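Inspection log for the structure reproduced underneath, given as structure tokens.
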Amino acid sequence: MGLPPPVAGAVRRITVLGTGYLGTVHAAWLAETGFDVLGMDTDPARVDALSRGVLPFYEPGLEPLLRSGLKSGRLSFTTSYAEVAAFGDLHFICVGTPQRAASYRADLSQLHSCLRALGTLLDRPCLVVGKSTVPVGTAEALAERLSVISPAGLGCELAWNPEFLREGRAVYDTMRPDRIVAGVTSSRAEAVLRQVYAEPIAAGTPFLATDLPTAELVKVAANAFLATKISFINAMAEVCEAANADVTKLSEALGLDPRIGAAALRPGLGFGGGCLPKDIRGFMARAGELGVDQALSFLREVDAINMRRRARMVDLATELAGGSLRGQTIGVLGVAFKPDSDDIRDSPALDVAATMHGLGAAVTVYDPAALANARQAHAELSYAGSALEAVTNADVTLLLTDWQEFCDADPEELGGVVAKRNIVDGRNALDPDSWRDAGWTYRALGRPY
């Protein structure tokens, strides 16, 4: 169908390459808004599962959206680049850009492979839109490469449209984003993306058209700011522990200042997952390549503060265990990097659990969604089917991921099965008074004894 200067209804067939958290949600939403969508992945097992309406990961609210698209016939999946090239007027690239092994730099191999395989098959005008998080300057290089390898030449245009999804809230964030950023090089590309996002734009979502480098920077700058805010309040937690102050009250007071705001100002075990840690490290690496590494030198301390929270969590558990974890029984509640997700990538919770095992403790873990992933990554840990089972005979209980069922846990019920009523609240999610009233020794990061 191609891309002449767009008119209403010009783009109907869209492809989404890469069916992880981002790609699957994006594809399902596009189908729900009325586009014909073809999702593509190189993993046949994943494509088979998605084609049957089965999610290969946990994301609340996504499975009904996926099945709706399949049932309507507007959504399908494939492993074929040729089918994708023949099908789409518009191609979204949503592949992973993880951190390189033994380096801060981003691994762009999946992105380059995808663009190469797709681009060589594009024989008619189209728009290719990157959504993956990349180092600034990547899009311009890819745009030049696409025009060379594509049979359609300059008829294949590239744009960049960063994503701002939060795992656990990805469906909501896709349907009602707080902003849409489009890095474009022509009014034609901007018009196409305005058509794709017509529904949220009509609902009041701001649409910001920028150049390619600015669009790339928006995502990493946003994640760097969030990471800095989280590590700031966790640095204050360190000070509060030394001063016998309460970081939760400090956070509340700071959050009431409209210049600061309460969002992301929650003290605890720190951030993890597949975005913030690798994005701030990749941002630092790219700044060094551009000769402005000093501008982002503060992010090294942001990263260091975040990692220190994990060590401090182990220290608190060790103190409650009497000075040594060897031979102690530890019950762990939560190993996903955040609630409402089964993602264990760079999970502070799972890291703490594995560290305690390495120090000689018998560690039993329960998580509502992440057990299978955790077991695959850390077979040395023990796994339970419920919170009660995980803490049975525990000398120390740790709350490491603030799933709602853990926040609502009954201290008397859990107290009836543990060996000792010791708990470390790694997310400042519990009411200390109710747990202490039930006879527990309660400790938390950044709070007085």
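The values are calculated or read from the model by the stated rules, or taken from the named source; none is laboratory data. Nothing here was measured: the structure is a model prediction, and the numbers come from that model. Counting neighbours? That spans all protein chains shown, and the Cβs are built from the backbone with ideal geometry, glycine included.
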Report summary line: Within the range 286-345, residues closer than 29 Å to GLY20 by Cβ and of a type in the set (S, T, N, Q) come out as ASN306, SER341
Requested in this report: State which residue pairs qualify: first residue assigned to a strand (DSSP E or B) and inside the range 380-403, second residue among the hydrophobic types (A, V, I, L, M, F, W, C) and surrounded by fewer than 24 Cβ atoms within 10 Å (Cβ to Cβ) in any location, beta carbons under 6 Å apart, and separation of 6 or more residues or different chains.
Outcome: TYR383/LEU371; VAL396/LEU320; VAL396/ALA321; LEU399/PHE406
Report task. Run down LEU66, LEU38, LEU50 and say which single residue is surrounded by 17 or more Cβ atoms within 10 Å (Cβ to Cβ), more than 24 Å from GLY273 (Cα to Cα) and not β-branched (Val, Ile, Thr). Result -> LEU38
Report summary line: Sole miss for HIS112 among (1) in a loop (DSSP other than H, G, I, E, B); (2) closer than 24 Å to ALA152 by Cα; (3) out of contact with any strand residue (DSSP E or B) (no Cβ under 9 Å at 6 or more places or on another chain) is condition (1)
Query raised in the report: When GLY288 is evaluated against the numbered criteria (1) more than 11 Å from SER231 (Cβ to Cβ); (2) touching a residue at least 12 places away in the same chain (Cβ under 8 Å), which criterion, by number, is the only one it fails?
Result: (2)
**Report entry** Residues located in the range 337-357, provided they are of a type in the set (D, E, K, R) and not in a helix (DSSP H, G or I)
**Finding:** LYS338, ASP340, ASP342, ASP343, ARG345, ASP346
Report summary line: Considering residues that are touching a residue at least 60 places away in the same chain (Cβ under 8 Å), closer than 22 Å to TRP29 by Cβ and either of a type outside the set (Asp, Glu) or in contact with a Pro (Cβ under 9 Å, 6 or more places away or on another chain) (or both), the number found within the range 199-222 is 2
Query raised in the report: Hey, among the residues in the range 132-178 that are surrounded by fewer than 21 Cβ atoms within 10 Å (Cβ to Cβ) and of a type in the set (Asp, Glu), which one's nearest to the chain's Cα centre (by Cα)?
Result: ASP173
Query - Filtered residue count, the range 46-85, keeping only those that are farther than 30 Å from ASP346 by Cβ and in contact with an Asp or Glu (Cβ under 9 Å, 6 or more places away or on another chain) - result: 9
Query raised in the report: Which is touching a Leu at 6+ places or on another chain (Cβ under 8 Å), modelled with pLDDT of 95 or more and surrounded by fewer than 20 Cβ atoms within 10 Å (Cβ to Cβ), of GLY323, GLY327, GLY255?
Result: GLY255
Report task. Looking only at the range 344-358, decide whether some residue is out of contact with any His (no Cβ under 9 Å at 6 or more places or on another chain), more than 22 Å from ARG100 (Cβ to Cβ) and touching a residue at least 60 places away in the same chain (Cβ under 8 Å). Result -> yes
Report summary line: Checking HIS112, HIS91 in turn, the sole residue that is out of contact with any Cys (no Cβ under 9 Å at 6 or more places or on another chain) and assigned by TED's automatic domain parsing to the domain that holds ALA28 turns out to be HIS112
Requested in this report: Restrict the check to the range 271-293 and report whether at least one residue is more than 20 Å from the chain's Cα centre (by Cα), assigned to a loop (DSSP other than H, G, I, E, B) and within 22 Å of MET236 (Cα to Cα).
Outcome: no
Requested in this report: For the range 235-242, indicate whether the set of residues that are surrounded by fewer than 23 Cβ atoms within 10 Å (Cβ to Cβ), within 16 Å of PRO135 (Cβ to Cβ), outside the structural domain of ALA102 (by TED's automatic domain parsing) and free of Cβ contacts under 8 Å to residues at least 24 places away in the same chain is non-empty.
Outcome: no
Requested in this report: Please verify whether the range 211-227 includes one or more residues that are outside any helix (DSSP H, G or I), farther than 18 Å from LEU276 by Cβ and of a type outside the set (Lys, Arg).
Outcome: yes
**Report entry** Number of the exception - ALA295 against (1) crowded, with 24+ Cβ neighbours inside 10 Å; (2) closer than 23 Å to VAL218 by Cβ; (3) among the aliphatic types (A, V, I, L, M)
**Finding:** (1)
Requested in this report: Filter the range 179-209 down to residues that are surrounded by fewer than 16 Cβ atoms within 10 Å (Cβ to Cβ) and under 24 Å from PRO135 (Cβ atoms), then give me how many there are.
Outcome: 3
